[in-house]
1. Sort 343-355, 320-332, 255-267 by packing, meaning the average of other beta carbons within 10 Å per residue, with the highest value first.
2. Would you calculate the separation in nanometres between label points at C442 and K301, each defined as 7 Å from the Cα along the Cα-to-beta-carbon direction?
3. What do you get for trypsin sites (Lys or Arg not before Pro) in segment 382-488 restricted to DSSP loop and a cutoff of at most 15 other Cβ within 10 Å of the site's Cβ?
4. Quick one: divide the alpha-carbon radius of gyration of segment 386-442 by 2.2 N^0.38 Å and tell me what you get.
5. Using amide H atoms built in the peptide plane, which far-off residues or other-chain residues are under 5 Å from T439 H to H?
6. Past 23 Å, Cα to Cα: identify those pairs from K120/K497; K237/K301; K235/K398, in the order given.
7. Just for the chain, what percent of DSSP beta bridges are antiparallel, to the closest 5?
8. Would you kindly derive the ³J(HN,Hα) couplings of segment 411-419 from the backbone phi angles with the Karplus curve 6.51 cos²θ - 1.76 cosθ + 1.60 (θ = phi - 60°), listing them in order in whole Hz, with x for Gly and Pro?
Amino acid sequence: MADAKVLVDHPTGGMKVPHFDAKNRSHAFFKGLPVTFLYTSCFVENFTSFFSLNQQADGSYQFTLPLGDGPIAWTILEDVGKMTAGIFERPGMIGETVGSASLHCSAAQLAAHISKATNKTVTYQCVPWKTFAAFGFPGADELAQMFKFFTDNQAEFLAIRDLKRCQELGGPLGDPVTTFKALSLKYAPYSPPPASLSRVGVLGATGQQGGAVVRALIAKGVSIVAITRNPSSDKAKVLAGLPKVEVRKADLDDQRSLEAAFSGCDGAFVVANFWEGMDPNKEMKQYENCANALKSVSGMKHIVMSTLEETATHPKMADAKVLLNHPTGGMKVPHFDAKNRSHAFFKGLPVTFLYTSCFVENFTSFFSLNQQADGSYQFTLPLGDGPIAWTILEDVGKMTAGIFERPGMIGETVGSASLHCSAAQLAAHISKATNKTVTYQCVPWKTFAAFGFPGADELAQMFKFFTDNQAEFLAIRDLKRCQELGGPLGDPVTTFKALSLKYA
């Protein structure tokens, strides 16, 4: 609990979970008395008071707790009574400490018990304990640190609440489904989440990422300034006809136009297009212009920057070529390195950095499905046999909207992904979507670099970065965290069915 806050300063020492610490320190008052100390655990009856089942837009219910994936001890109150009666029958237990529990199960398993008892769909949403603490209701910080204690000390916490010992003392333990059926559970009706920002300026609003962000924010009822170079384009005109959307003209190369475009906004989504010109110097200057413009906007509360990792200094990229000599240092995957080094321009701004990953929509442009002699199709990439992170653009939009609802994420870096799968598994998804036979041909990254099309060497070294840093790359793009931020993730088969894929 070293990283938990002291919530109460006390003569006996700081308290981090006061309702635990106060009880435990009170043991001293009972010195010399014939006492048995009974450690309780989390009561399932808390779902009638502290924990609510919150209705979702689809009519299902969900409870949100920071309990991770593993089991904790849950207690049914009647079992505490029966165990206490059993302890009174055992004078030999004087001076002992024993724990109480009715079951050891994960929060997801408990949700299944509640579903069975109520005939409703009930799911569990996991959040980090610090996020739970920031919910702000009375006692949120204390409950958050209690849950942290449960999960961080799982083995020890469960051991003292041994179910066999509990049954010896109190007889057969209560059934959670039967218990939940008898309880008056606490339900909260569905209410759309309030917009935490009044107006968000979205760069690239007529493009892929910006367009996905616009759609996600519209679904949340947020007012939007859609920023584009060409307000007279067909896509811009469509946006201008939507409720709560204002289209403004700006150019990433013109800081003053950006200042005017972001005026009156308290949120901003920032993205540049490296592949338009493939010039990292220009991309970095565009991000600098954005950052300077945003610094001039009064009332700016939250910025999300679409970005990527630094590759050149990574030890596993030692054998990759420097593709661009730059005053900030050599770049090995310039469209990664230029973005990451542009973070410095945003210093002092309320920004969250969103690391994207390989878009499945790239199969409409960069990656082609090449027809073979037998009529099947094949794509060729240097991705090995293992999984990488793939993102569906709509999920970037939904995650971004979710980040804007969480001011506590300012200063954080988070990754986006819709699925982790190998290129061979992705080929199977494309096959299912298209009713064609699609296979994956793996080539070494240096072979891919030698294909010679514009950007081949850069893409080859990008894929090398994906595969050589697989564990690290996937970890920051944790699917559970992505789902917490953006809701259910897109289905690759459904997505591929809707795309105009590039065939050769």
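1. Working: 343-355: 18.1, 320-332: 16.2, 255-267: 20.5.
Result, highest mean Cβ count within 10 Å first: 255-267, 343-355, 320-332.
2. Modelled inter-label distance: 4.8 nm.
3. Values: sites: K398, K432, K436, K446, K464, R477, K480, R481; in loops: K436, R477.
When the trypsin sites (Lys or Arg not before Pro) of segment 382-488 are filtered for loop state and at most 15 Cβ neighbours within 10 Å, K436 remain.
4. Numbers: Rg = 15.4 Å, N = 57, 2.2 N^0.38 = 10.2 Å.
That works out to 1.51 for segment 386-442.
5. Excluding prolines and chain starts, which carry no amide H, the hits are Y377, Q378, F379.
6. Values: K120/K497 32 Å; K237/K301 28 Å; K235/K398 20 Å.
With Cα atoms farther than 23 Å apart: K120/K497; K237/K301.
7. Numbers: 12 of 56 bridges.
Of the beta bridges lying entirely in the chain, close to 20 percent run antiparallel.
8. Those phi angles translate into x, 8, 10, 9, x, 10, 7, 10, 7 Hz.
The values are calculated or read from the model by the stated rules, or taken from the named source; none is laboratory data. This one's a predicted model, so the numbers in the text were calculated from it and none came from an experiment. Because the Cβ atoms are built from the backbone with ideal geometry, glycine has one as well, and the counts that use them run over all protein chains shown. Note: accessible area is taken over every heavy atom of the protein model, side chains too, but ligands, DNA and RNA are not part of it. Shrake-Rupley method; radii C 1.70, N 1.55, O 1.52, S 1.80 Å.
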